[in-house]
Amino acid sequence: MKALIVYDSVFGNTEQIAQAIGNSLGSQAEVNTLRVGDVKPEQLMGLDVLIVGSPTRGFRPTPAISNLLKSIPKNGLEGVKVAAFDTRISMNDIDSRILPPLVKVFGYAAKPIADRLKKGGGELIIPPEGFFVEGTEGPLKEGELERAADWAKQIMSLS
Ligand SMILES: Cc1cc2nc3c(=O)[nH]c(=O)nc-3n(C[C@H](O)[C@H](O)[C@H](O)COP(=O)(O)O)c2cc1C
């Protein structure tokens, strides 16, 4: 099975999650884990599994991830199993009255990533997932790397 994990990361937390997913898949598949800037559009072709992850920034993925997803031609992911993840801050950790209702409406990065992958013809095999950081620069909350590894195992069992 050929799998690619594409991620973006500003402070390194999403990178750690991507590596944990890659390591977890790695024992049973041909896996590449690549930062978005190192991915050429043609590397998205001919895969069995494509997993895309981004930090949530302003309720959305980073521009680099959005641009890569936009470059996927219609039906370019036909026959590819896809999954999406993000990193995010828990609402419980935000001391604001304004943000929670906005988050309710606009959400996090993983869902729009998943929507784009589906638009490209990919088959979404697991719901979009979010992994929590303690604050803007991290660190990841305790147990999130393990949760990422488990999430990858579910992907493996579904693909
Ligand atoms: C400009 C900016 C916008 C952000 N917007 C959101 C947001 O809308 N929702 C959220 O949960 N976290 C938000 N965050 C926190 C990021 O999700 C957090 O920095 C990210 O998970 C860290 O991942 P990284 O280390 O891979 O960059 C924002 C952070 C920055 C700097």
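The values are calculated or read from the model by the stated rules, or taken from the named source; none is laboratory data. Small disclaimer: the values here were computed from a predicted structure and weren't measured. Heads up, the Cβs are rebuilt from the backbone with ideal geometry, glycines too, and the neighbour counts pull from every protein chain shown. Please note that ligands, DNA and RNA were not included when accessible areas were found on the heavy atoms of the full protein model with its side chains. Shrake-Rupley method; radii C 1.70, N 1.55, O 1.52, S 1.80 Å.
Taking the criterion of being surrounded by 11 or more Cβ atoms within 10 Å (Cβ to Cβ) and out of contact with any Pro (no Cβ under 6 Å at 6 or more places or on another chain), the residues of region 87-107 that qualify are R88, I89, S90, D93, I94, L99, P100, L102, V103, F106, G107.
Do you know which of the residues in region 96-115 that are of a type in the set (A, V, I, L, M, F, W, C) and outside any loop (DSSP other than H, G, I, E, B) is farthest from the ligand (Cβ to nearest atom)? Here the residue is A114. Within region 29-65, the residues that satisfy the criterion of being in a helix (DSSP H, G or I), within 14 Å of the ligand (Cβ to nearest atom) and surrounded by fewer than 20 Cβ atoms within 10 Å (Cβ to Cβ) are G37, P63, A64.
Assess whether L4 counts as being buried (at least 16 other Cβ atoms within 10 Å of the Cβ), more than 13 Å from the ligand (Cβ to nearest atom) and of a type in the set (A, V, I, L, M). Break it down stepwise before answering.
Details: buried (at least 16 other Cβ atoms within 10 Å of the Cβ): yes; more than 13 Å from the ligand (Cβ to nearest atom): yes; of a type in the set (A, V, I, L, M): yes.
So L4 fits the description; yes.
Report yes if A20 is small (G, A, S) and either in a strand (DSSP E or B) or near the ligand (Cβ under 9 Å from one of its atoms) (or both), otherwise no. So A20 fails the test. Among the numbered conditions (1) open to solvent by less than 20 Å² (accessible area, probe 1.4 Å); (2) modelled with pLDDT under 95, the only one that L158 does not meet is (1). A count restricted to region 104-120 and to residues that are at pLDDT 95 or above and of a type in the set (F, W, Y) stands at 1.
Taking the criterion of being away from the ligand (no atom under 11 Å from the Cβ) and either in a loop (DSSP other than H, G, I, E, B) or at pLDDT below 95 (or both), the residues of region 80-95 that qualify are V80, N92, D95.
T14 meets all of the listed conditions (1) of a type outside the set (K, R); (2) open to solvent by less than 10 Å² (accessible area, probe 1.4 Å); (3) farther than 13 Å from P112 by Cβ; (4) away from the ligand (no atom under 16 Å from the Cβ) but one, namely (4).
Of the residues making up region 15-61, those that are over 23 Å from N75 (Cβ atoms) and charged (D, E, K, R) are E15, E30, R35, D38, R57, R60.
So which of E142, E146, E123 is within 16 Å of the ligand (Cβ to nearest atom), open to solvent by 10 Å² or more (accessible area, probe 1.4 Å), among the acidic types (D, E) and at pLDDT 95 or above? Break it down into steps so the answer makes sense when it comes.
Numbers: E146 fails: within 16 Å of the ligand (Cβ to nearest atom); E123 fails: within 16 Å of the ligand (Cβ to nearest atom).
Selected residue: E142, the only one of E142, E146, E123 that is within 16 Å of the ligand (Cβ to nearest atom), open to solvent by 10 Å² or more (accessible area, probe 1.4 Å), among the acidic types (D, E) and at pLDDT 95 or above.
From the set of residues in region 126-135 that are modelled with pLDDT of 95 or more, within 16 Å of the ligand (Cβ to nearest atom) and in a loop (DSSP other than H, G, I, E, B), which is nearest to the chain's Cα centre (by Cα)? So the residue we want is P128.
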